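Take a look at the structure set out below.
The values are calculated or read from the model by the stated rules, or taken from the named source; none is laboratory data. Just so you know, these numbers come straight off a predicted model, no measurement behind them. Note that each Cβ is placed from the backbone with ideal geometry, even for glycine, and that neighbours are counted across all protein chains shown.
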Amino acid sequence: MSHPNPQAGGPGAAPRKSRRHALVSAGQFALTAIAVGAVATWGFLIGHGTALKAHPPVRHGAEGAPVAAADVNQMYVSTPELVAKGKALYTTNCSACHGMEGKGDGAAAAALNPKPRNFSSREGWKFGSGTARIVRTVTEGSPGTGMAAFTTIPLGDRLLLAHYVRSLHPGPDEDKPEDKAWLGVGEGAATAGAPTAAAAAPAGPSIPVLLAMRKLAEPVAPPGVAIATPPPAGAGADLYRARCASCHGASGEGGVKVKMLGSAPYAYVTTRSLGDGAGGWASDPAGFERMVIEGFPGTTKVSNGDLSREAVREIHLYTLWLRAQQGAARTGS
């Protein structure tokens with residue numbers, strides 16, 4: 001009796017061919033995957049190396065301010081390009097107090113005591129006019145004045161501002177070695193990978209994250225309108241124009257940017273109209289007096305401790321008139 005030969009196309013041939021085909025297909029897929037992975041890895045390494053050359057990694061200090069030792073050293077020497085970039089930043093962040101030409105005569109200067117620095121004068125540079133000294137002043141602020149700490153401005157932008165401010169000075173100082181070391185420049189600079197003192201500067205006042213998110217979700221009140229009605233005569237109108245109008249508007253309309261919150265993107269605190277509904281001060285003369293005399297520490301609401309109680313009362317009466325005018329303008333009455 002003869003037996004069928006499976007190799008010759010018997011019943012077992014089909015399963016065997018199917019298994020062999022599956023193994024071949026699996027092998028081809030594996031080889032293809034390995035090849036694709038190798039090409040992708042090679043491409044990533046080449047691209048990553050190119051990116052690192054074009055954009056060196058940026059280190060961050062304790063408060064998140066970007067600082068790379070090479071960048072700081074490169075940016076430390078002033079050039080016309082750096083001064084031009086600094087001027088654009090100055091116009092946005094500094095001109096309201098220091099003036100467009102840096103003479104200390106900005107719109108908000110009238111309400112500040114002491115007055116903002118006049119950068120075109122050789123006198124009065126309390127903290128020095130070296131590049132690092134100016135960066136440090138911007139970073140830490142000037143206690144007892146309206147000059148707040150601007151740690152939310154990136155360190156590179158603070159350097160740009162310093163270059164522009166120095167361009168306004170008739171004969172700026174040069175930094176001392178300890179100033180350069182603070183900034184991270186020269187022989188006393190921090191070693192690679194270590195945050196500089198400039199980047200590790202303490203942050204300013206903050207609020208809880210949940211409160212900030214809730215405030216951001218609140219609709220922004222529209223600014224008020226300019227009032228054509230002649231204001232009542234009296235000391236209140238004169239005091240308001242001298243102490244309050246630069247931030248709150250000549251007619252109490254608000255809408256003035258008074259503080260930068262962040263730079264990525266740029267965001268600002270903007271004053272509200274005196275006619276806004278959230279005005280507990282209107283019915284609380286004692287609270288209004290405390291607010292004017294003491295200010296709000298850590299905010300742009302400066303103190304006016306040199307005013308008498310009678311002067312504050314005059315301002316309160318005048319702001320109540322402005323509040324009523326703003327309310328009437330909104331309702332069209």
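The figures follow:
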| read-out | value |
| --- | --- |
| Number of positions in the stretch 288-333 that are modelled with pLDDT of 90 or more, in contact with a Pro (Cβ under 9 Å, 6 or more places away or on another chain) and among the charged types (D, E, K, R) | 1 |
| Residue tally, condition over 24 Å from residue 303 (Cβ atoms), in contact with a helix residue (DSSP H, G or I) (Cβ under 6 Å, 6 or more places away or on another chain) and not in a loop (DSSP other than H, G, I, E, B), over the stretch 126-156 | 5 |
| Flag if residue 144 is in contact with a Pro (Cβ under 9 Å, 6 or more places away or on another chain), in the same structural domain as residue 92 (by TED's automatic domain parsing), among the small types (Gly, Ala, Ser) and modelled with pLDDT under 85 | yes |
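Matching residues to (1) at positive phi; (2) outside any helix (DSSP H, G or I); (3) at pLDDT below 85:
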residue: 70; (1), (2), (3): no, no, yes
residue: 78; (1), (2), (3): no, yes, no
residue: 84; (1), (2), (3): no, no, no
residue: 88; (1), (2), (3): no, no, no
residue: 115; (1), (2), (3): no, yes, no
residue: 121; (1), (2), (3): no, yes, no
residue: 124; (1), (2), (3): yes, yes, no
residue: 171; (1), (2), (3): no, yes, no
